[in-house]
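In what follows, a structure is listed as structure tokens, so that the remarks can point back to it.
The values are calculated or read from the model by the stated rules, or taken from the named source; none is laboratory data. Everything numeric here is computed off the predicted structure, so don't read it as measured data. Glycine gets a Cβ as well: all are built from the backbone with ideal geometry, and neighbour counts include every protein chain shown. When the accessible area is computed, the model is the full protein with side chains, heavy atoms only, and any ligands, DNA or RNA have been set aside. Shrake-Rupley method; radii C 1.70, N 1.55, O 1.52, S 1.80 Å.
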There are 2 protein chains.
Amino acid sequence: MKLTHIEHIGIAVKNLTDSISYYENVLGLKCYAIEEVKDQKVKTAFFKIGETKIELLESTDPEGPIGKFIEKKGEGIHHLAFAVNKIESAIEEVDSKGIKLIDKKARKGAEGLDIAFLHPKSTGGVLTELCENKNK
Amino acid sequence: MKLTHIEHIGIAVKNLTDSISYYENVLGLKCYAIEEVKDQKVKTAFFKIGETKIELLESTDPEGPIGKFIEKKGEGIHHLAFAVNKIESAIEEVDSKGIKLIDKKARKGAEGLDIAFLHPKSTGGVLTELCENKNK
């Protein structure tokens with residue numbers, strides 16, 4: 001498997017508007033897109049920094065994954081996403097190495113990427129996402 | 001303030017050897033340096049992916065910051081570090097905007113970088129580090 005770069009860092013926030021204000025007005029980044037991912041029960045805001053994105057995630061449902069995360073742990077970094085060249089073979093490879101998968105098959109994530117999550121029990125507590133941008 | 005890229009992502013681990021094995025053998029990254037930062041009571045291992053580093057942090061003292069973090073939250077992502085062009089002016093700027101600082105002055109971190117941490121209470125729960133590499 002070839003990881004090329006950090007595709008994005010997912011950050012769980014309580015209020016997207018407040019958090020966008022912090023990233024724009026304090027850190028000087030620019031929000032370039034807001035997208036709702038209904039499947040994941042989140043509204044997301046994207047910032048680009050170098051080759052990496054910051055993806056802020058506000059829950060649209062307390063029972064969704066981000067709603068539960070914030071209830072349990074509070075706001076903070078939620079997941080780390082690596083860009084891979086071929087997601088199908090990357091999933092096969094980590095599966096063959098005994099890593100517990102959340103997604104056994106790639107599915108569509110924000111921005112039309114093909115994504116799959118590895119379970120934090122197998123990755124030292126880091127919820128890890130693999131992403132391939134097939135639209136490039 | 002101009003953030004140029006994600007300098008590194010700090011990940012708290014219980015056992016550096018086991019975690020290096022995961023990042024090398026599962027994710028295919030290569031550990032290029034191991035360094036003890038006595039001041040922070042950690043042993044660190046570095047991996048490069050694109051323009052970003054992954055910094056694994058194993059505590060050398062249960063009373064150190066990583067020891068306490070793991071006791072409270074378990075293994076996982078500990079902090080997010082942004083590269084800035086001029087750390088002194090970046091610190092002044094965030095301070096002037098009312099952000100709570102852990103380091104009011106830059107200090108030396110791993111790999112000889114000049115670093116300063118912002119308090120997660122002011123940054124939406126994300127322990128945030130600013131770094132400047134003056135050795136470039």
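Can you tell me which residue is least open to solvent (accessible area, probe 1.4 Å) among those in region A:13-25 that are more than 8 Å from every other protein chain (Cβ to nearest Cβ) and among the aliphatic types (A, V, I, L, M)?
A:LEU16
Pull up region A:109-136, narrow it to residues that are in contact (Cβ under 8 Å) with a residue 60 or more places away in the chain and of a type in the set (D, E, K, R), then point me to the one that is farthest from A:LYS53 (Cα to Cα).
Looking at residues that are in contact (Cβ under 8 Å) with a residue 60 or more places away in the chain and of a type in the set (D, E, K, R), I get A:GLU129.
Considering only residues that are in contact with a strand residue (DSSP E or B) (Cβ under 8 Å, 6 or more places away or on another chain), open to solvent by less than 70 Å² (accessible area, probe 1.4 Å) and not in a loop (DSSP other than H, G, I, E, B), which ones fall in region A:103-115?
A:ARG107, A:ALA110, A:GLU111, A:ASP114, A:ILE115
Determine whether B:LYS100 is open to solvent by 20 Å² or more (accessible area, probe 1.4 Å), modelled with pLDDT of 95 or more and in contact with a His (Cβ under 7 Å, 6 or more places away or on another chain).
Spelling it out, B:LYS100 is indeed open to solvent by 20 Å² or more (accessible area, probe 1.4 Å), modelled with pLDDT of 95 or more and in contact with a His (Cβ under 7 Å, 6 or more places away or on another chain).
Of everything in region B:39-89, what is out of contact with any Gly (no Cβ under 6 Å at 6 or more places or on another chain) and under 16 Å from B:GLU132 (Cα atoms)? Give them in sequence order.
B:THR52, B:LYS53, B:LEU80, B:ALA81, B:PHE82, B:ALA83, B:VAL84, B:ASN85, B:LYS86, B:ILE87, B:GLU88, B:SER89
Mind listing just one residue for me: the one in region A:31-56 that is within 11 Å of another protein chain (Cβ to nearest Cβ) and more than 14 Å from the chain's Cα centre (by Cα) and, of those, most open to solvent (accessible area, probe 1.4 Å)?
Restricting attention to region A:31-56, the residues satisfying the condition of being within 11 Å of another protein chain (Cβ to nearest Cβ) are A:47-54, A:56.
From the residues that got through so far, the ones that are more than 14 Å from the chain's Cα centre (by Cα) too are A:49-51.
Values: A:ILE49: 3, A:GLY50: 38, A:GLU51: 58 Å².
Going through the qualifying residues, I end up with A:GLU51.
Working only within region A:90-116, note down all residues that are closer than 20 Å to B:ILE11 by Cβ and away from chain B (no Cβ under 14 Å).
Across region A:90-116, the qualifying residue is only A:ILE102.
Mind listing just one residue for me: the one in region B:2-12 that is buried (at least 19 other Cβ atoms within 10 Å of the Cβ) and facing chain A (nearest Cβ under 7 Å) and, of those, farthest from B:GLU88 (Cα to Cα)?
The extreme case among them is B:ILE11.
If you check A:LYS43, A:LYS97, A:LYS38, which single one turns out to be closer than 26 Å to B:HIS79 by Cβ and among the charged types (D, E, K, R)?
Criteria check complete, one pass: A:LYS43.
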